[in-house]
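The values are calculated or read from the model by the stated rules, or taken from the named source; none is laboratory data. Treat the numbers as computed from the prediction; the structure is a model and nothing was measured. Counting neighbours? That spans all protein chains shown, and the Cβs are built from the backbone with ideal geometry, glycine included.
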Amino acid sequence: MPRSHLPAMLKIALLAGTSLIPVCAAAQEASGEPEITTVTVIGSNIPRTQKEGPAPVTTITAQAIKDKAFKDVPDLLASVTQNTGLVQGQQSNNGADFSPGGQQVNLRGLGPNHTLVLVNGRRIADYPMPFNGKSNFTDVSNIPMGMVDSVEILSGSASAIYGSDAIAGVVNFKLKKKADGTTVDISHGFTEQGGGKSLEMSVSSGFDADRFHAVFGVEVRNQRPLWGYQRERQDSTLDAPTARSQLPERNFMIQDENEDYLDPGKATCDALSGLSGGTMQYALRPRYGYYCGSTAGVAYRTVVSERVQLSGLASLTYELNDTTTLFADIQAAKSKVKLMRPRLTWYYQPGSDNEDSYFYNANSGQLEDWNRTFTPEEMGGLEKGMRQVDSQTFTISPGIRGTFGEGNRWSYDLAFNFSRFESKIAFPLLINAKATKFFLGDQLGTDSDGYPIFAPSYDRFYTPLTPAEYDSLVVKSIYKPSSWTNSFKAVLSTGELFQMPAGPVGFAVVAEAGRQGYDLSPDPLATQYYYWGWKDADGKGGRSNKALGAEFQIPLLSNLSLSLATRYDQFGFAGRDTDKVTYNTGLEYRPVKSLLLRATYGTAFRAPDLHYVYTGPGNEHPSVVDQFKCRTEEPGVPLGDCSLDSERIIKSRVGNRDLKSETGTSFTAGFVWAPSRRFDVSLDYYKIEMKDQVEDLEMATVLKTESDCRFGSTTTGAAVDPNSPTCKDALSRVKRNSGGDIMSIFINPINVASQQTSGLDLSLRFGFDTPIGQIDVSGGHTYVIKQDYQRYAGDTYFSMLTPTSGYELPRNKSNLSVSLRNGPFKATLSGRYVDRTPNYDEDAYVSSYSIANGSIQYDVTDKATVSFSVRNLFDTKPVYDPTWTGYPYYNHSWFDGIGREGTIRLTYKM
């Protein structure tokens, strides 16, 4: 895609981007219509007459969700301009390893664990497996989109209202609580290039029986998988950007101690040519030699996961009298997700902390390293390689609410909230000892250098496994992780605590108490050296919390009001307590009815993630790029082409029970101008600063830092102080042997000094009438002014927006929408824009990305509506990156290779 020099908003306007409509009460004021009811707005517990408050809130309605052709909740959240951080796409290998099927939201690029996700204003249980094996997060893929009434996004710290976690902001999913008869919604989704079909059906209804009222709904979703081999853009290694990365994968490869491949001979590879769909071939890797490999095998993995899900909700109320109501909100879901990461691979592993895969071959009289990647024919079908996640979620919130006092001016809400997330995850894993014996036979001792001695058969190695033989080596390792949270919350509020000259003072007091816990419950054998390439960590623990908070809304003048909130939280975990007082203050000034000037300032905190604290010791066996040796032995060669790109190491990790709580501050300032009901615009500045942020250092970051510290400069020539705290830490984490090879890397969570981000959020909405119908336009844009990071106190800050930072964050993100309504007909064009992001080699940018959607809707009758929508209207391909040499050859955190998708929907109201 050629890089555009058009401003972000202009470019997306040409494509007609996505609409996320902010609710602007100022527009209602300008219309002259009186507000006769009060509402509780996200970010406050005080009922108020205006939906716009001192903090900016974006609201996405159920109708907007349908109009914009969002296919699921993660797709919806990807359009939120404030959602500027990386998340794991469905093609993520890390996601498949650590949190299969789970998907996240990452406001302001501060990490998924710093965004608080609520359902109906209440917390839900975390996904029971950690994000990237590190931190806890809320899985948004399990939220049934067909039952969402609206989504509210508060992008700014809100700890003084909600406590821990709300550092980057809050996302609140409001599920349907009103039923206008019975509504049936059926949709069928498909892709232009095949694969990935979906079928969804939801039914919502309700009834009233005297004082008892019920609203309930059920949604069924069946999403079929989409495979990499079904897309030309990523169905082969030939789609890779460089000659070296286009080589067939190494399915059958033997190398000697000099890393020279032992030539199997063309006849040997020809005998295997029926494997991997007939693509196995005699291949040459320059400098190394010949091997047998396939160009197509790399695409035997899912682009879209298979998902079958049943969700249900019920909102029940019983009016004891005119002022008191019993209520219960219930949500439950059961899902089965299947996904495929790269097929299983085998090479000799000693089964200890030694990652050296060489052994002495008594038949050849030399050290050798054997490598095998299994094919679908050997497996007996790809189904055997899929990871399966069976999950159950359940949340119930019973309580009582009511009013009392003169004029019923006092309101109370007492509720217990219990939420649980249980999973059963099946990982296909290779039994190390059985595989070693199968390929190498019994060990015959050790040589004088300590290498194990075997006398294996080359014929055995180059003979395909039968499915029965494969089954004898591979088992399903079963994990049964769970997480839960329960709490009691009491809210007492009034819009009129007492009168001041300018009006009544609003007040609310909140008290909370609860417990939270998780248990990874892994396969006990997975925490030992039993499975090939897998020594996992256990993790189990909990914490208690207590909180007390208060809020005031004070009218200083008839057009000027002050909001104050403070909250005390205490957490108990790992035999110790941590507590924090946070506060928030906001100003609202309305010089005229159509204009709101607003500002907020507050403090925030986050108690350490449970998994950061309680994870036990565990090892992984990843392959890494030895950046130091690449720069030493192959100077000038890009990292993506360095021959030292598959160095096997041991990554060891353990939790940290001495972690401190993270803290932060947040400031926003802006305006909302709404001169009419058909026009409003808002612009807000934000600044968030985090301190003592907990982070698990990335291996690539550690190795890059170690390389820079050893050289005393970066790859671009910038000076690096080898005696800085960062350098001392990185050098201590990387262990090398006497030959300079990496043996292991130690990674653990630590409190990082600081991260800062600031920027601007713009929102615009206007409408007008034309001879062909009513046209409505809406859009938003986020511009990140600064995203800086300081790893340790004393280090200099560096920008996370530069290619060399190790992060992949865009500076600009936009959405825009244009709708036309004429009687029963409605058409919408929408889309989103993501600014340029760093390339894989972190030395340049790749071009920006735009995707457009379209939908048409027709009201056949006052009860029946049909619609047709297209996602990715122009079949935009993922942005090309000439340095992204690993599958799928593009940044799957920001882009996908699904292509054009269509959805047909029928809605019928009885």
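Scanning segment 715-727 for residues that are under 20 Å from Gly640 (Cα atoms) and surrounded by 18 or more Cβ atoms within 10 Å (Cβ to Cβ) gives a single hit, Thr715. Taking the criterion of being closer than 23 Å to Pro350 by Cβ and among the hydroxyl-bearing types (Ser, Thr, Tyr), would at least one residue in segment 725-747 satisfy it? Looking for residues that are closer than 23 Å to Pro350 by Cβ and among the hydroxyl-bearing types (Ser, Thr, Tyr), one finds at least one in segment 725-747, hence yes. Comparison of Ser682, Ser652, Ser676 shows that the only residue that is farther than 19 Å from Leu110 by Cβ and at pLDDT below 90 is Ser652.
A count restricted to segment 282-308 and to residues that are of a type outside the set (A, V, I, L, M), surrounded by fewer than 18 Cβ atoms within 10 Å (Cβ to Cβ) and part of a strand (DSSP E or B) stands at 1. Residues considered: Val474, Val510. Of these, the only one that is farther than 30 Å from Ile650 by Cα, under 32 Å from the mean Cα position of the chain (by Cα) and buried (at least 20 other Cβ atoms within 10 Å of the Cβ) is Val510.
Gly780 - would you say it is assigned by TED's automatic domain parsing to the domain that holds Val870, touching a strand residue (DSSP E or B) at 6+ places or on another chain (Cβ under 8 Å) and crowded, with 22+ Cβ neighbours inside 10 Å? Yes. Inclusion of Asn354 among residues that are within 22 Å of Pro622 (Cβ to Cβ), modelled with pLDDT under 95 and among the polar types (S, T, N, Q) is warranted.
Note on segment 179-198: residues that are assigned to a loop (DSSP other than H, G, I, E, B), acidic (Asp, Glu) and over 18 Å from Thr876 (Cβ atoms) amount to 1.
Search segment 63-104 for residues being of a type in the set (Lys, Arg) and part of a loop (DSSP other than H, G, I, E, B), and hand back the single one that is farthest from Phe427 (Cα to Cα). Among those residues, the one meeting the criterion is Lys68. Test Asn737 against the criterion of being within 30 Å of Thr615 (Cβ to Cβ), free of Cβ contacts under 8 Å to residues at least 60 places away in the same chain and either touching a His at 6+ places or on another chain (Cβ under 8 Å) or of a type outside the set (D, E, K, R) (or both), and give yes or no. Considered against the rule, which asks whether it is within 30 Å of Thr615 (Cβ to Cβ), free of Cβ contacts under 8 Å to residues at least 60 places away in the same chain and either touching a His at 6+ places or on another chain (Cβ under 8 Å) or of a type outside the set (D, E, K, R) (or both), Asn737 comes out as yes. Could you say whether any residue in segment 582-601 is modelled with pLDDT under 90 and either among the hydrophobic types (A, V, I, L, M, F, W, C) or outside any helix (DSSP H, G or I) (or both)? Within segment 582-601 (the criterion being modelled with pLDDT under 90 and either among the hydrophobic types (A, V, I, L, M, F, W, C) or outside any helix (DSSP H, G or I) (or both)), the answer is no, since none of the residues qualifies. Taking (1) under 28 Å from Gly89 (Cα atoms); (2) assigned to a helix (DSSP H, G or I); (3) not acidic (Asp, Glu) in turn, Gly312 satisfies each apart from (2). Among the residues of segment 212-267, just one is closer than 30 Å to Ile143 by Cβ, touching a Ser or Thr at 6+ places or on another chain (Cβ under 6 Å) and of a type in the set (A, V, I, L, M), namely Val215. Within segment 199-245, the set of residues being among the hydroxyl-bearing types (Ser, Thr, Tyr), buried (at least 20 other Cβ atoms within 10 Å of the Cβ) and part of a strand (DSSP E or B) comprises Ser202, Ser204. The set of residues in segment 785-834 that are among the charged types (D, E, K, R) and either in contact with a Leu (Cβ under 9 Å, 6 or more places away or on another chain) or not in a loop (DSSP other than H, G, I, E, B) (or both) comprises Lys786, Asp788, Arg791, Glu808, Arg811, Lys813, Arg821, Lys826, Arg832.
Can you name the residue in segment 326-384 that is of a type in the set (Gly, Ala, Ser) and in contact with an Asp or Glu (Cβ under 8 Å, 6 or more places away or on another chain) and is also nearest to Ala433 (Cα to Cα) among such residues? Applying the filter and picking the extreme gives Ser357.
Based on this model, can you work out whether Lys540 counts as touching a strand residue (DSSP E or B) at 6+ places or on another chain (Cβ under 7 Å), surrounded by fewer than 19 Cβ atoms within 10 Å (Cβ to Cβ), at pLDDT 95 or above and of a type outside the set (A, V, I, L, M)? No: the conditions fail for Lys540.
For the residues Val694, Val654, the requirement of being touching a residue at least 60 places away in the same chain (Cβ under 8 Å) and surrounded by fewer than 19 Cβ atoms within 10 Å (Cβ to Cβ) singles out Val654. For segment 246-280, a residue qualifies if it is crowded, with 20+ Cβ neighbours inside 10 Å and among the polar types (S, T, N, Q), and the qualifying residues are Asn251, Gln255, Ser276.
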